[in-house]
Amino acid sequence: MSDSPRLTRRPEWAELEDHRAQWHAHLRDLFDQDPGRAERYVVRVGDLRIDYSKHLITDETLALLQELATATDVFGLRDAMFRGEKINTTERRAVLHTALRAPRDAVIEVDGENVVPKVHAVLDKMTDFADRVRSGEWTGHTGKRIKNVVNIGIGGSDLGPAMAYEALRAYTAREMTFRFVSNVDGADLHEAVRDLDPAETLFIVASKTFTTIETITNATSARSWLLAAFEDDEKAVAKHFVALSTNAGKVTEFGIDPDNMFEFWDWVGGRYSYDSAIGLSLMIAIGPERFREMLDGFRIVDEHFRNAPAEANAPLLLGLLGVWYGNFFDAQSHAVLPYSHYLSKFTAYLQQLDMESNGKSVDRDGHPVQWQTGPVVWGTPGTNGQHAYYQLIHQGTKLIPADLIGFANPVAELSDELKAQHDLLMANLFAQGQALAFGKTEEEVRAEGVPEEQVPHRTFKGNHPTTTILATEPTPSVLGQLIALYEHKVFVQGAIWNIDSFDQWGVELGKVLAKRVEPALTRGADVPGLDPSTAALVAAYRTLKNA
Ligand code: F6P
């Protein structure tokens, strides 16, 4: 048990509470009094320009938040993570996704073993395989070239590659088809394969544990679909199935040749794993060179997080801002709003990263926390969201801090006419940040001649905080930079809240109960101890199913 004072009993916490109690400033006043904050509250990392000027903060707020970070030893935990210490205490594991993008000559030890050579050996094996598939050297059972790649995985074994494939679509082998199957609803696999030729299809079964029921069920069905095309010739499996896993035993049991397994390790959390072997589908799609550019992007932000001073450390600042709103303004959620069609799955990916990491209610010592932890993360690409839920952000009753993410350039392959739309897209991003921060006063509304009874409805109070992240364009490196930025932001918040951001026991109960309930649905088996509500639902389901 730790001797350190509990978070809310720290003097730094009390100072922030006092500061919050005295907080009355509107963003309009803050910019009137200090226009220089527009340039001062900007941090640059790699290709990212992160503007945090439209936040409910002053220099004093930042100083107090930094004191909290110092008191909670965020950088001490950061250094322990980079050193390979077992900071995932409940699972007694190191947390070393940063080793996945370490240079070949780096030395990072876990239990006395340098893990970097293993990382590069797998990357080299992935490179070789991806090149062979892309070039047509690796063929299917009948000798046909592989044209379709179907990744079967869920959670971290799906969201990362699926998100990055969308984000980097412009860099992908357009002549190939890539699909991602995650849902145990048979419709997912059905829709993914219904128009594919099994002889041209490669399945990548991605599962850290290789015990996840959704993935194993879908992989088993995929194998049946494949074998049905090859008169049950089991030899076909070796040419059409590869595995990404930490569990060689289970992979072999499933029938996949261990030579066709791409390994990773228990010190890579599922939601931190798409730059490991889990990224194989992505590597086939964008090619090994682009994949390595993406890893370089991750590394830029890793180095920044490790070395930049606290006051210019982007993940630290973003993490602290989230603490400021979540713990002192009672903000319950955080919106991530990318102004890029290519980032359509970005927020869904961040939901697992953030909510599975920091959705915790006991601290590292097992005590119930008496402070808010991770926010609800949500959002979809602008401008679609503007015509759906932005109304609530602008004029609803909740404080919703938001990240607006945009790029200076559209991807190169767009036609000139479509490229010209980019300024309009970005005008929307800037306009939203402006409207959210500064709103529209009653006086401004009246000056437009609006009838008096409509004035309250057409007034925007503003004062909604946003971070604006601008980057050059959605390249592999920039994607890596963005993901590492959020990974480390989540880390910072978990460190301050004194929770284990790297376990996920909360998803276990549902899994266990689903296994217990399933026989009741399939065969009407009696489930001892089933609660009356679930028992009634099961009975209703069976009646409807058999009707
Ligand atoms: O949802 C729980 C979880 O363990 C995630 O953390 C993980 O990403 C996902 O399931 C998939 O797990 P696996 O890769 O072992 O199949």
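Paramagnetic label reach from Ala447 (point 7 Å along Cα→Cβ; backbone nitrogen cut-off under 20 Å): within segment 15-31, residues 26-31. For segment 107-162, the convex hull spanned by the alpha carbon atoms encloses 127 Å³ per residue.
Couplings 3J(HN,Hα) for segment 133-146, derived from phi with the Karplus relation 6.51 cos²θ - 1.76 cosθ + 1.60 (θ = phi - 60°), are 5, 5, 7, x, 5, 7, 10, x, 4, 8, x, 7, 5, 6 Hz, where x marks Gly and Pro. Modelled spin labels at Ser533 and Glu518, positioned 7 Å past Cα toward Cβ, are 2.4 nm from each other. Per the Cα gyration tensor, segment 1-112 maps to an equivalent ellipsoid with semi-axes of 35, 23, 9 Å, ordered largest to smallest.
For segment 80-86, the Karplus equation 6.51 cos²θ - 1.76 cosθ + 1.60, evaluated at θ = phi - 60°, returns couplings of 5, 4, 5, 6, x, 6, 7 Hz by residue, with Gly and Pro reported as x. Look at the alpha carbon pairs under 8 Å that are at least 6 residues apart: their mean separation over the length of segment 54-204 gives a relative contact order of 17 percent. Measuring max minus min along each principal axis, the C-alpha atoms of the chain give extents of 77, 64, 62 Å (largest first).
Residues whose amide H lies under 5 Å from that of Val45, counting only those 5 or more places away or on a different chain, are Ile50; hydrogens are built 1.01 Å from N in the peptide plane.
Short-range pairs are left out: with C-alpha atoms under 8 Å and at least six residues apart, the relative contact order of segment 1-60 is 23 percent. Around the amide H of Phe262, modelled in the peptide plane, lie the amide H atoms of Ala243, Leu244, Ser245, all under 5 Å away and 5 or more residues distant in sequence or on another chain.
When peptides 71-79, 264-272 are sorted by average Cβ neighbour count within 10 Å, with the highest value leading, the order is 264-272, 71-79. In this structure the amide hydrogen of Phe203, modeled in the peptide plane, comes within under 5 Å of the amide hydrogens of Val150, Phe241, Val242, none closer than 5 places in sequence on its chain. With the simple model of a label 7 Å out from the Cα in the direction of the Cβ, Glu60 to Ala106 spans 4.1 nm. When DSSP beta bridges are limited to those with both residues in the chain, what percentage is antiparallel, rounded to the nearest 5? Roughly 30 percent of the DSSP beta bridges within the chain come out antiparallel. Note: relative contact order over the chain, using C-alpha pairs below 8 Å and six or more positions apart, is 19 percent. Seen through its C-alpha gyration tensor, with square-root eigenvalues sorted a ≥ b ≥ c, segment 251-306 comes out oblate because a/c lies at 1.5 or above while a/b is not bigger than b/c.
Cβ-Cβ distance of Arg174 and His387, R₀ of 25 Å, FRET efficiency by 1/(1 + (r/R0)^6): the value works out to about 0.25. The antiparallel fraction among DSSP beta bridges confined to segment 106-235 stands at about 25%. Which FRET efficiency value, to the nearest 0.05, do you get for Thr472 and Ala310 by plugging their Cβ-Cβ distance into 1/(1 + (r/R0)^6) with R0 = 30 Å? In this case the efficiency is close to 0.70.
Remark: for residue pairs Lys54/Lys461; Lys489/Lys511; Lys147/Lys208; Lys345/Lys419; Lys125/Lys239; Lys144/Lys250, the C-alpha separation exceeds 18 Å in Lys489/Lys511; Lys147/Lys208; Lys345/Lys419; Lys144/Lys250. Simple spin-label estimate for Ala38 and Asp416 gives 3.3 nm between the two label positions (7 Å along the Cα-to-Cβ direction from each Cα). Rounded to the nearest 0.05, the FRET efficiency derived from the C-beta distance between Thr397 and Gln434 at R0 = 25 Å is 0.70. Here the Karplus relation 6.51 cos²θ - 1.76 cosθ + 1.60, evaluated at θ = phi - 60°, turns the backbone of segment 255-272 into coupling constants of x, 9, 4, x, 5, 9, 10, 10, 8, 9, 9, 5, 8, 10, x, x, 7, 10 Hz, with x for every Gly and Pro. Inter-part distance, segment 323-385 to segment 439-502, computed on C-alpha centroids, equals 13 Å.
Of the peptides 346-355, 211-220, 415-424, the ranking by mean beta-carbon count within 10 Å, highest at the top, reads 346-355, 211-220, 415-424. You can think of it this way: the chain between Asp195 and Ala525 has 115.1 nm of extra reach, that is 0.36 nm per residue less the Cα-Cα gap. Take 146-154, 291-299, 389-397, 499-507 and order them by the average number of nearby Cβ atoms within 10 Å per residue, most first; the result is 146-154, 291-299, 499-507, 389-397. The slack between Ser135 and Lys86, meaning 0.36 nm per residue of separation minus the straight C-alpha distance, is 13.5 nm.
Throughout, read-outs are computed from the coordinates displayed, never taken from laboratory work. Quick caveat: nothing in here was measured; it's all calculated off a predicted structure. Cβ sites come from the backbone with ideal geometry, for glycine too, and all protein chains shown count toward neighbours.
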